[in-house]
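These notes concern the structure reproduced below.
The values are calculated or read from the model by the stated rules, or taken from the named source; none is laboratory data. Note that the coordinates shown come from a computational prediction; the quantities given were computed from them, not determined experimentally. Here Cβ is always computed from backbone atoms with ideal geometry, including for glycine, and neighbour counts include all displayed protein chains. To get the accessible areas, we keep the full protein, side chains included, count just its heavy atoms, and leave off ligands, DNA and RNA. Shrake-Rupley method; radii C 1.70, N 1.55, O 1.52, S 1.80 Å.
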Amino acid sequence: MDTPRDRILKVEEPAPGHRLLGSIAATGSLILGSIRLILGRDHPVAILLVDGDLIIHSVAGDRAFVEQLDAAGLGEGRSAAEDGVGTNAVDLCLRERRPMITSGRQHACAGLTDVKIAAAPLFGLNNALHGAIALVSGASVGTDTLNGLALLCAESTSAQLSAMETSGNLDRMLVEQRAIIDSISDGLLVVDEDGRVRHMNAPAGRILTLNPEQSVGRRFAELLDFEPIIAPIFRTGVGYYDRELIIDSSRRHLHLIDTAIPVKDAQGKVQSVVNTFREFNRAKRIAQQIAGSPARYTFDDIIGTSDCLRQAIGDARKAALGTANVLLNGPSGTGKEVFAQAIHAHGDRRDGPFIAVNCAALPRELIESELFGYVAGSFTGAQKGGRPGKFEMASGGTIFLDEITEMPLDLQAKLLRVLQEREVTRIGATRPIPIDVRVIAASNRNLKDAIARREFREDLYYRLHVVSITIPALKDRRSDIPMLATHFLRKYAASAGKPVFTISDTALRAMTAYDWPGNVRELENTLERLVVLSDGTEIRQFDPPGDARMPPPSSMVVPVMKALREHERDVIAATLIHVDHNVTKAAEILGIARPTLYSKIRDYGIVLQRAGADKMS
C-alpha cells in the first residue's frame with residue numbers, strides 16, 4: 001500500500017542485467033527524504049534510476065509529480081532516449097558519460113517544459129557505466145543546487161554499486177550516506193520493523209537527548225519515556241507529514257513538527273520508517289523569515305506637519321525604542337494601525353513578526369482559539385493536529401490588538417493573565433507555552449467610560465496603558481489636509497494610469513473646511529473616487545456628502561425633543577431599514593463595530609427583518 005504522497009515504483013521481476021540496479025532501488029525513499037528536506041516541501045521532486053540502455057528502472061517521488069512525468073514519457077519501464085521523449089539530460093548524460101542538466105524549453109516534450117532535470121552517470125568498478133541517476137524538480141529550483149544534489153546522489157550510489165560488485169567498500173558507502181544525513185539540520189532517524197534504531201543523526205540525538213552511537217541497534221521504545229508516535233505506522237502502513245507534536249513526559253518537554261515516511265518492500269510490507277522532525281520554534285522562525293514581516297509602514301509614511309500630529313509621532317518614536325505595552329487612542333480612520341506598524345518597524349523587534357488582530361471582526365466563539373490556539377480534539381471542528389494562536393505566532397515580534405474594547409469580558413481576564421505571565425495555554429492543553437511578544441492595543445472609544453459601564457476591565461486597562469498615545473482626528477489638524485490631498489491624488493492617479501492630478505484652491509478650501517468624520521480614511525476614499533470619476537486632470541470642486549450639508553433655512557424644522565436613548569433607537573432602526581436590515585452595512589454607516597450594534601439591537605428590542613438571504617451576515 002502506497003503512502004499518501006510517496007511511492008516507489010519497482011520492476012517486479014528485473015531482468016538479469018538489471019538486478020544490480022534493482023538491489024539499490026529500495027534506497028530511493030531515504031535519499032528522497034533527505035533531498036526533500038534540502039529543497040523544501042514547496043518544490044516537487046522525483047528520482048529516476050536509469051540503466052545503461054536508457055530504460056527507466058524505477059521512479060520515486062511525489063505521487064502527482066510521478067504521474068505528471070509518466071504522462072510525459074518518463075515513467076517506469078519506458079525509454080529516456082531522445083527519439084522517444086526528445087532532448088533530455090538523461091540521454092545526454094549516458095551518451096557523454098558526464099553530468100548533464102536540461103530545463104524548460106530545452107525539452108522538446110510539452111509535458112517537460114516546466115521541469116528541470118539533472119542527471120549524473122553511475123560508474124562501477126573499472127569505470128564501468130551501469131546507468132544514470134536523475135533528479136527532476138520544478139524549473140524554479142536553482143541549477144547549481146539540483147546539479148550538486150544529483151552529483152552527490154550519483155557519487156553515493158556509484159560507491160554502493162562498486163561495493164556490491166566486490167562485496168566490499170561497504171564502509172565507504174555508509175560513511176557517505178551518513179554524511180548526507182548528518183548534513184541535514186533536522187533530526188532524522190530510521191527505525192526497522194522490530195522497533196530498533198538503524199540510524200540516528202546528531203540533531204536527532206540533541207533534540208531527543210540521546211547518544212546516536214549508543215542508540216543504534218536498541219529498541220526505540222526502550223530509549224524514550226513516552227510511547228513512540230511512529231509505532232502504529234508499522235501496522236497501518238500510513239505515514240504523515242508536518243504533524244505538530246507536543247510531548248510532555250517526566251524527562252522531556254518537546255514541541256516538534258514531525259514527519260514519518262514508511263519504506264515498504266515489493267509486497268507492501270513496511271520494512272522501516274524514516275522519521276524527520278524539527279523543533280517548533282525553529283520551524284516558526286523559518287516560516288517567519290520566508291513570509292517576511294507584514295509591517296509595511298514606517299514613520300516616514302505618516303503624512304503631516306501639524307503640532308498635534310508631530311507630538312503623537314514623537315511619543316511613538318520614543319515608545320518604539322522600549323518594550324512597554326502601548327495603547328493607541330483615536331477615532332476610526334485616523335491611522336492607528338499605521339502607527340502600530342511604524343512602532344514595530346522602528347524598534348528592536350523589526351525583524352520579528354507583526355500580527356494584527358481586529359477584536360471586533362472575530363466571532364465571539366472563535367476569538368479565544370484565534371488568540372491562544374488549541375490542541376487536537378479540543379472542540380468540534382478543530383483543525384487536525386491543533387493550531388497555534390496569534391500570540392504564539394507573534395512571539396519574538398509584535399501583536400496589534402485593534403478595537404480592544406470589543407473583546408468579551410471573560411477573554412479580557414485571560415488576556416490579562418497572558419500579559420502578566422508572558423505565557424499562553426492553548427484550548428484543551430494543560431502545559432503553558434512561553435511567549436516573548438510586545439502588545440500594542442488600540443481603541444476608538446473612551447476606555448474610562450467603558451470601565452465605568454463595566455464593559456472593560458480596569459486592571460487590563462492599566463496593564464495596557466503603560467504608554468498612551470492619542471492620534472488626532474483630521475478636523476484637529478486641518479493644516480495637513482492639503483499635503484494629504486496631494487499625496488492621495490498622486491497615488492490614485494498613478495494606479496489609474498492617469499496624469500498627475502491637481503486641485504483647485506476652491507476645492508481645497510472646501511476640503512479644509514469639512515470636518516471629515518471618517519478622518520484620513522474618508523479623505524483617501526473621497527480622493528480615489530474623484531480621480532476615478534474625473535474626466536480631466538484637475539479637481540475643481542468638492543461638495544461634502546449630502547448628510548454633512550445643512551439644509552437651507554426654509555426647509556429647517558424645529559426638532560421634536562426626545563430622550564437621548566429614544567433618539568439613538570430611532571436612528572438605528574431607520575438605518576437598518578435604509579440598508580434592508582444588513583447589519584454589516586448599518587454598522588459601517590453608524591461608525592460602530594458590528595458586535596456593538598448587535599448589542600444595541602437586542603437592548604432596544606429592534607426586530608431584524610429577513611428577506612431571502614440572511615441579512616445579519
Scanning segment 257-276 residue by residue, those open to solvent by less than 10 Å² (accessible area, probe 1.4 Å) and closer than 22 Å to ALA429 by Cα turn out to be ASP258
Could you tell me whether any residue of segment 218-239 is surrounded by 14 or more Cβ atoms within 10 Å (Cβ to Cβ), within 30 Å of GLY397 (Cα to Cα) and at pLDDT below 80?
no
Every residue in segment 456-481 that is part of a strand (DSSP E or B) and either touching a Gly at 6+ places or on another chain (Cβ under 8 Å) or of a type in the set (Lys, Arg) (or both), please.
VAL467, THR470
Apart from one, (1) under 30 Å from PRO408 (Cβ atoms); (2) in contact with a Cys (Cβ under 8 Å, 6 or more places away or on another chain) all hold for VAL466; the odd one out is (2)
How do the strands (runs of 3 or more DSSP E) wholly within segment 185-267 filter down when requiring 3 or more residues that are out of contact with any helix residue (DSSP H, G or I) (no Cβ under 9 Å at 6 or more places or on another chain) and of a type in the set (Val, Ile, Thr): which remain?
none
Criterion first (of a type in the set (A, V, I, L, M) and at pLDDT 85 or above) does ALA345 satisfy it?
yes
Looking at segment 108-128, can you tell me whether even one residue there is within 20 Å of SER79 (Cβ to Cβ), of a type in the set (A, V, I, L, M, F, W, C) and over 40 Å from the mean Cα position of the chain (by Cα)?
yes
Members of segment 413-425 found to be closer than 17 Å to PHE280 by Cβ and open to solvent by 10 Å² or more (accessible area, probe 1.4 Å), listed by number
GLU423, THR425
With segment 296-412 as the region, which strands (runs of 3 or more DSSP E) entirely inside it contain at least 3 residues that are touching a residue at least 40 places away in the same chain (Cβ under 8 Å), within 27 Å of TYR598 (Cβ to Cβ) and open to solvent by 10 Å² or more (accessible area, probe 1.4 Å)?
354-358
Restricting the search to segment 480-536, which residues are more than 21 Å from THR334 (Cβ to Cβ) and aromatic (Phe, Trp, Tyr)?
PHE501
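Here's the yes/no breakdown for (1) in contact with a Pro (Cβ under 8 Å, 6 or more places away or on another chain); (2) on the phi > 0 side of the Ramachandran plot; (3) free of Cβ contacts under 8 Å to residues at least 24 places away in the same chain; (4) crowded, with 16+ Cβ neighbours inside 10 Å:
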site	(1), (2), (3), (4)
PRO432	no, no, yes, no
VAL437	no, no, no, yes
LYS448	no, no, yes, no
GLU455	no, no, no, yes
ARG463	no, no, no, yes
ILE469	no, no, no, yes
SER479	no, no, no, no
I'd like the full set of residues that are farther than 26 Å from ASP351 by Cα and in a helix (DSSP H, G or I), limited to segment 417-455.
ARG417, LEU447, LYS448, ASP449, ALA450, ILE451, ALA452
Can you find, within segment 178-194, the residue that is farthest from the chain's Cα centre (by Cα) among those that are modelled with pLDDT of 70 or more and open to solvent by less than 20 Å² (accessible area, probe 1.4 Å)?
VAL191
If you check THR380 against the conditions, is it among the hydroxyl-bearing types (Ser, Thr, Tyr), on the phi < 0 side of the Ramachandran plot and modelled with pLDDT of 90 or more?
no
Those residues that are under 21 Å from GLY142 (Cβ atoms) and either without any contact (Cβ under 8 Å) to a residue 24 or more places away in the chain or among the basic types (Lys, Arg) (or both), I need them from segment 88-112; list them, please.
ARG98, MET100, THR102, ARG105, GLN106, HIS107
(1) modelled with pLDDT of 80 or more; (2) among the small types (Gly, Ala, Ser); (3) closer than 26 Å to ARG490 by Cβ: which one isn't true of GLY605, the others all being true?
(3)
Of all residues in segment 28-59, how many are among the basic types (Lys, Arg) and within 14 Å of THR145 (Cα to Cα)?
1
From THR398, THR430, which residue is hydroxyl-bearing (Ser, Thr, Tyr), closer than 30 Å to GLU279 by Cβ and modelled with pLDDT of 90 or more?
THR398
How many of the residues in segment 481-525 are under 22 Å from ASP301 (Cα atoms), of a type in the set (S, T, N, Q) and open to solvent by 10 Å² or more (accessible area, probe 1.4 Å)?
5
Restricting attention to segment 380-394, does a residue exist that is of a type in the set (Lys, Arg), within 24 Å of the chain's Cα centre (by Cα) and under 17 Å from GLU337 (Cβ atoms)?
yes
